[in-house]
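Working notes, structure below.
Please treat every number below as a calculation from the coordinates, not as lab data. The structure displayed is predicted, hence computed values, not measured ones. Note that we place each Cβ from the backbone using ideal geometry, even for glycine, and neighbour counts take in every protein chain shown.
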Amino acid sequence: MASEDPVRQRSGMSKQIIVIGAGIIGASIAWHLTRAGAEVTVIADSAAGGVATPNSFAWINASWGNPETYFRLRTRAMTEWTRLAQDLPGLPLAWCGGLCWDLPEAELETYATEHSAWGYGIERVDGAGAARIEPNLAALPDFALYVPGEGVAEPVAATEALLADAERHGARVLAGTVVTALTQTDGSVVGVDTSAGLIAAEEVVIAAGVGSPDIAATAGVKLPIETPPGLIVHSRPYEKLLNGLVLAERLHMRQTAEGRIIAGSDFGGADPGMDAEATARELFAATKAMLRGADGLELDFHTVGYRPTPIDGFPIIGRAEGVDGLYVAVMHSGITLAPAVGLFVTREILDGDRDALLAPYGLSRFT
Ligand SMILES: Cc1cc2nc3c(=O)[nH]c(=O)nc-3n(C[C@H](O)[C@H](O)[C@H](O)COP(=O)(O)OP(=O)(O)OC[C@H]3O[C@@H](n4cnc5c(N)ncnc54)[C@H](O)[C@@H]3O)c2cc1C
């Protein structure tokens with residue numbers, strides 16, 4: 001369902017805004033700001049697509065393990081993905097459903113009871129039900145939970161599509177450009193210093209993933225984030241074996257739009273350990289053993305991504321107190337959250353309206 005209150009086009013408004021970062025978060029913020037009439041420059045030292053983003057499992061969900069406040073932000077983000085896909089046809093988004101049994105049965109039951117009461121569409125299934133959803137699973141759970149409303153956005157293609165559309169609507173994208181410092185006048189950020197020289201703006205948004213703390217530090221702002229690694233294996237493209245997301249104990253997998261089976265030991269990837277090659281081979285063997293009809297499935301490559309994770313696990317989205325003209329958006333679960341973050345950041349920067357769902361996620365909670 002489309003959101004009731006999409007980004008409004010503002011007449012005559014052309015606030016100059018720099019967005020640092022061309023991953024899914026920077027791309028979504030840039031897209032929403034541009035569509036709302038701002039004059040946006042995206043600066044990134046990567047190509048369009050980002051750094052953590054290409055290494056993501058890219059499961060869009062509001063699954064177990066989070067308090068209700070965060071659940072509400074995540075489910076809102078899921079709704080905003082549908083709105084975004086309507087506004088940007090061709091966005092690689094699939095509501096393919098998630099089949100989950102990565103908890104002991106009693107904990108699965110607690111998750112189902114709690115999240116059902118919160119309105120998450122969860123179905124309880126037995127082995128036969130799981131086989132109907134995923135006929136090619138070699139080992140079936142006795143009990144699992146199925147969430148038809150969970151999905152996937154192919155992360156690089158979605159990011160590229162957002163940036164390309166933002167450019168079509170007037171944004172500038174400076175890829176391969178390093179931001180070395182924020183520039184300030186009288187305590188306000190007035191632009192950035194880059195490998196291509198100084199660039200001025202009325203507002204700077206740091207959406208630079210694991211690169212964010214170093215940039216923020218140049219204005220004296222501390223961002224408490226950790227960067228845990230996550231390893232994902234990618235098969236060569238293969239005939240269709242999976243319909244949706246499979247979230248089994250110690251093995252999360254899905255099949256990408258181009259037919260690759262990708263897997264981690266959970267959605268955040270496997271710990272690469274001392275020997276990432278060996279970890280990848282073991283994980284791929286376990287993945288193959290989980291699938292019927294996978295005899296010809298071959299490991300193509302593995303990725304190790306570093307997840308930009310604030311130390312309490314929740315996003316940092318908001319202005320840096322005491323430094324005018326600076327906004328920060330750094331988070332894990334950025335694939336899930338991107339459309340809501342883009343929308344809410346745009347409203348806060350251009351209209352001064354901070355969405356109530358963002359209340360717990362200001363930077364000031366760490367001070
Ligand atoms: C293994 C793994 C699995 C994951 N699984 C999921 C999942 O299932 N679901 C989910 O929702 N999320 C998942 N995530 C998290 C999600 O991928 C990230 O939260 C998201 O990609 C972050 O996007 P970003 O745009 O903030 O960062 P990035 O994609 O890292 O982009 C950062 C951008 O900032 C730029 N930058 C940094 N420093 C500078 C600088 N000094 N100058 C110029 N540019 C700079 C980079 O070049 C890049 O363009 C996973 C992540 C990993 C690694």
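Phi angles across region 252-258 convert, under the Karplus curve 6.51 cos²θ - 1.76 cosθ + 1.60 with θ = phi - 60°, into 3J(HN,Hα) values of 10, 8, 7, 10, 7, 4, 8 Hz, Gly and Pro given as x. Cβ crowding within 10 Å ranks MET253, MET290 as MET290, MET253, fewest other Cβ atoms first.
Listed by Cβ neighbour count within 10 Å, with the fewest neighbours leading, LEU350, LEU247 appear as LEU350, LEU247. Across region 151-260, the relative contact order, built from alpha-carbon pairs under 8 Å that are at least six residues apart, equals 16 percent.
Whole-percent P(r), region 152-266, all Cα pairs, 10 Å bins from 0: 11, 28, 26, 21, 12, 1, 0. Remark: the ARG281-THR185 segment gains 29.3 nm on full extension, using 0.36 nm per residue and subtracting the alpha carbon distance. Packing, as the average of other Cβ atoms within 10 Å across residues, places the peptides 151-159, 295-303 in the order 151-159, 295-303, highest first.
Grab the other residues whose beta carbon is less than 13 angstrom from that of VAL221, score K and R as +1, D and E as -1, and report the net. List each step's numbers first, then the result.
Details: positive: LYS222, ARG319; negative: ASP214, GLU321, ASP324.
My count for the surroundings of VAL221 gives -1.
Using the Cβ atoms and a cut-off under 11 Å, what net charge is assigned to the surroundings of PRO54, where Lys and Arg are +1 and Asp and Glu are -1? Surrounding charge for PRO54 is -2. Computed from backbone phi with θ = phi - 60° and the Karplus coefficients 6.51, -1.76 and 1.60, the 3J(HN,Hα) list for region 210-223 is 5, x, 5, x, 5, 5, 4, 4, 5, 10, x, 9, 9, 10 Hz; x is used for glycine and proline. Amide H contacts of ALA181: ASP193, each under 5 Å away and 5 or more positions distant or on a separate chain (H built 1.01 Å from N in the peptide plane; Pro and chain starts excluded).
When the charge dipole of region 160-237 is built from unit charges on Cβ atoms (+1 for Lys and Arg, -1 for Asp and Glu) and taken about the Cα centre, the candidate among VAL233, ALA216, ALA161 whose Cα reaches farthest toward its positive end is VAL233. Pairs of Cα atoms nearer than 8 Å and 6+ residues apart set the relative contact order; for the chain it is 23 percent. For region 63-128 versus region 210-275, the spacing of their alpha-carbon centroids is 18 Å. The string of couplings for region 113-123 from the Karplus curve (6.51, -1.76, 1.60, θ = phi - 60°) is 5, 5, 6, 5, 5, 7, x, 7, x, 10, 10 Hz, one whole number per residue in order, with x for Gly and Pro. Look at the dipole of region 299-367 built from charges on Cβ: of THR309, GLY334, TYR361, the Cα furthest out on the positive end belongs to THR309.
Think of each Lys and Arg Cβ as +1 and each Asp and Glu Cβ as -1; about the Cα centre, that makes the dipole of region 62-184 roughly 560 debye. Computed over the alpha carbons of the chain, Rg followed by Dmax gives 20.6, 66 Å. Dipole orientation for region 1-140: of the candidates ALA77, ALA131, PRO67, ALA77 has the Cα lying most toward the positive pole (charges on Cβ; Lys, Arg +1; Asp, Glu -1).
With only alpha-carbon atoms in the gyration tensor, what are the semi-axes of the equivalent ellipsoid for region 252-367, in Å, largest first?
Numbers: eigenvalues 303, 52, 22 Å².
Values for region 252-367, descending: 39, 16, 10 Å.
Once every DSSP H run of n ≥ 4 in the chain is given -39500 (n - 2.57) and the sum is divided by its residues, what mean residue ellipticity at 222 nm do you get, rounded to the nearest 500 deg cm²/dmol? Computed ellipticity for the chain at 222 nm equals -9000 deg cm²/dmol. Using the average count of surrounding beta-carbon atoms within 10 Å as a protection proxy, the listed peptides 58-70, 164-176 rank, highest first, as 58-70, 164-176. By the rule of a C-alpha distance below 27 Å, with chain neighbours fewer than 8 residues away ignored, the lysines paired with LYS288 are LYS240. The charge dipole of the chain, taken about the Cα centre with unit charges on the Cβ atoms of Lys, Arg (+1) and Asp, Glu (-1), comes to about 580 debye, rounded to the nearest 20.
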